[in-house]
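**Student:** Just passing along the structure, written as structure tokens.
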Amino acid sequence: MPPTLNFWRSFLRWRSGRGFGIHSPFAYRFVTEVLHQPCAFYAYNRLGPQPQVRLMVRLMAAFRPRRVALVECGGLLRQAVRMADSRVPVSNVPEGSDLVAVDCSRVSPEAVEAMLCTEPRPHALLLNCPAPPQLQGYGMTFANARGTVVVASYKHLPRQDFEVRF
């Protein structure tokens, strides 16, 4: 990729990460209040400085899932789920979960697509993901340049992809 194009994409990601140019009310609120949250959450001091673990706490607060699946993820994400809401059951099986966290470097792309094609479609946190998944019909994806993708799977959302710095 030419350096000028890379600089331009980086600038647009930075700009979108602060809500500029985002017209959807849900996407604007999600980016500014969940993905790019400047203030500390209640569990940050006990979880450490890992950005993906902190993101999981914010996603738990935003989506309020009834069941979470952690597929090929480490123990820190399990601890983040417990700190966010200790009543939420955590499993390794994505079926029936409202929020799925997947380490895409350990799972095939076909398996990730299959997890996101079930109905009702779960929200997802995809770590080490080379490209956002191709969703059908509805839902929004929020991707950063470091391989983290968040999928918001509400049926009322139009199908959109965002490149955001978070």
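The values are calculated or read from the model by the stated rules, or taken from the named source; none is laboratory data. Computed from a predicted structure; not experimentally measured. Please note: Cβ atoms are built from the backbone with ideal geometry, for glycine as well, and neighbour counts cover all protein chains shown. The protein model used for the area step is the full one, side chains on, heavy atoms only, and it has no ligands, DNA or RNA in it. Shrake-Rupley method; radii C 1.70, N 1.55, O 1.52, S 1.80 Å.
**Student:** Out of 92, 144, 45, any idea which swings most in a Gaussian network model of the chain, alpha carbons joined below 10 Å?
**Tutor:** Highest fluctuation of the listed residues: 45.
**Student:** Within 10 Å, at most 15 other Cβ atoms, and a DSSP state outside H, G, I, E, B define an exposed site. Report the longest part of the chain free of exposed trypsin sites (Lys or Arg not before Pro).
**Tutor:** Answer from the scan: 19-65.
**Student:** Looking at the chain as a GNM with Cα springs under 10 Å, which of 88, 57, 71 has the largest mean-square fluctuation?
**Tutor:** 88
**Student:** To continue, here is another question. Most mobile of 77, 59, 126 per a Gaussian network model of the chain (Cα springs, under 10 Å)?
**Tutor:** 77
**Student:** Continuing with the same structure: Whole angstrom only: what separates the Cα centroid of the range 90-166 from the Cα centroid of the range 52-85?
**Tutor:** 14
**Student:** Turning to a different aspect of this structure: Per residue, how large is the accessible surface of the chain? Use a 1.4 angstrom probe and give square angstrom.
**Tutor:** Each residue of the chain exposes 54 Å² on average to a 1.4 Å probe.
**Student:** Roughly how many nanometres apart are two label points built 7 Å out from the Cα toward the Cβ at residue 114 and residue 29?
**Tutor:** Going from the residue 114 label point to the residue 29 one covers 3.6 nm.
**Student:** What value, in deg cm²/dmol to 500, does the helix sum -39500 (n - 2.57) over DSSP H runs of n ≥ 4 give at 222 nm once divided by the residues of the chain?
**Tutor:** After summing the helix terms and dividing by the residues of the chain, the value is -9000 deg cm²/dmol.
**Student:** Calculated FRET efficiency, residue 72 and residue 42, Cβ-Cβ r, R0 30 Å, to nearest 0.05?
**Tutor:** That gives a FRET efficiency of 0.65.
**Student:** Turning to a different aspect of this structure: Using Cα-Cα distances under 8 Å and only pairs 6 or more residues apart, what relative contact order does the range 92-166 have, in percent?
**Tutor:** It rounds to 26 percent for the range 92-166.
**Student:** Over the chain, what is the mean sequence separation of C-alpha contacts under 8 Å (at least six apart), divided by residue count, expressed as relative contact order in percent?
**Tutor:** With pairs under 8 Å counted, the relative contact order is 19 percent.
**Student:** Let me ask something else about it. Mind putting together the pair-distance distribution for the chain? All Cα pairs, 10 Å bins, whole percent per bin, short to long.
**Tutor:** Percent of Cα pairs in each bin: 10, 40, 38, 11, 1.
**Student:** Which length gain, in nm to one decimal place, applies between residue 146 and residue 105 when the Cα-Cα distance is subtracted from 0.36 nm times their residue separation?
**Tutor:** The residue 146-residue 105 span can extend by a further 13.5 nm.
**Student:** Using the Cα centre of the chain as origin and beta-carbon charges of +1 (Lys, Arg) and -1 (Asp, Glu), tell me which of 25, 141, 96 is placed farthest towards the positive end of the dipole.
**Tutor:** 25
**Student:** Ignoring ligands, DNA and RNA, how do 118, 148 rank by accessible area with a 1.4 Å probe, largest first?
**Tutor:** Greatest to least solvent exposure: 118, 148.
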